[in-house]
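Take a look at the structure set out below.
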Amino acid sequence: VVLSVLIGVPASYVLARRNFPGKRLVNLAFLLPILMPPITYGIPLATVLYKFNLAGNISGVILANLVPCVPFVILTMTPFIEQIDPTIERAARMSGARTISIFTRILAPLLVPGILAASILVLVRTVGMFELTFLTAGPDSNTLVVALFNSMNAAGIRAQQSVDAMAVIYMLIMAVLLVTALRFVNPTQLVAQVKEEQEA
């Protein structure tokens, strides 16, 4: 979650504030991991990570899940940044503020609700991401969904109560996180942004 936010927020700022050749292609490239089924790129990605000894542990899980999570942060944060009046940044620059100061002292406080919402949504997606985690996880780096899958398919007599308990815990955690995220982000913002871009 932390790495996705650190990478995704600056990237979304560039996409929201800057116009450059190939911007639409860059936006499409960021959307592909969200639109495509994870298994289509999960197996080649896991092969590369195992080749460089990065899979089979928590590092492999993090790297693999960054592929869909960073675009998810960008998709969530771009509308928040576009809602901030650019004249605030221009006024700060005219007063002598540097880019880092503008970002940390002006933009960051205004983006706290968006960052919180993006973080929660990324956490929900990461915990629920089965394919990438299953392909790259080791014995000590499973998520709850992968552990639930392994318990369901384990040999011998499985404890039905433990499987049911894990399923209930997973659903409750996801429901609480989603409700919390929806208090900060309005899904119609994303739809409105797409419509405005199409009209422009």
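The values are calculated or read from the model by the stated rules, or taken from the named source; none is laboratory data. This one's a predicted model, so the numbers in the text were calculated from it and none came from an experiment. So basically every Cβ, Gly included, is an ideal-geometry build from the backbone, and we count neighbours across all protein chains shown. Just the protein is used for accessible areas: all its heavy atoms, side chains included, with ligands, DNA and RNA removed. Shrake-Rupley method; radii C 1.70, N 1.55, O 1.52, S 1.80 Å.
Summary of values
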item: The stretch 99-157 - convex hull of the alpha-carbon atoms, volume per residue in Å³; result: 117 Å³
item: By average C-beta atoms within 10 angstrom, highest first, the peptides 20-27, 113-120; result: 113-120, 20-27
item: F52, F72, reordered so the largest accessible area comes first (probe 1.4 Å); result: F52, F72
item: Cβ-based net charge around A92, under 12 Å, with every Lys or Arg adding one and every Asp or Glu removing one; result: +2
item: Range of Cα positions in the chain per principal axis (Å), largest first; result: 70, 37, 35
item: Heavy-atom surface of the chain, accessible at 1.4 Å and reported per residue (Å²); result: 59 Å²
item: Listed peptides 33-40, 4-11, 139-146, 58-65 by packing density, highest first (mean Cβ within 10 Å); result: 58-65, 4-11, 139-146, 33-40
item: Karplus 3J(HN,Hα) series, Hz, for the stretch 133-141 with 6.51 cos²θ - 1.76 cosθ + 1.60 (x for Gly, Pro); result: 5, 4, 6, 10, 7, x, x, 10, 9
